[in-house]
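> Take this structure first; my questions come after.
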Amino acid sequence: MLTATEASETVETGQDLRARAKTLSWMASMSVAAGEIRAAEGYLLELLAWCAFADRDPDAAAPASGDDDGL
């Protein structure tokens, strides 16, 4: 069960993630509208890479305290 502090941190983190995704998407859209296709590709690739590989939840990446293999 999450405490109030942990719950608010989770909500803030989720809002930060959405804001970053929206910004990258908006920048790609504006680049297309300006005819800057290469710039739009860059923003979309950054968004894709960030969504695929970004460490959004540090606790999920940390091994459980009972893990002996350390993987």
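Readers should treat all values here as calculations from the given coordinates under stated rules, not as data from a laboratory. Just so we're clear, the structure is a prediction, and the values are computed from it rather than from any experiment. Because the Cβ atoms are built from the backbone with ideal geometry, glycine has one as well, and the counts that use them run over all protein chains shown.
> Can you check what the net charge comes to around Ser31, using other residues whose Cβ is under 9 Å from the Cβ of Ser31 (Lys, Arg +1; Asp, Glu -1)?
With Lys, Arg at +1 and Asp, Glu at -1, the net is -1.
> Please compute the modelled spin-label separation between Ala54 and Arg20, points set 7 Å along Cα→Cβ, answer in nm with one decimal.
0.4
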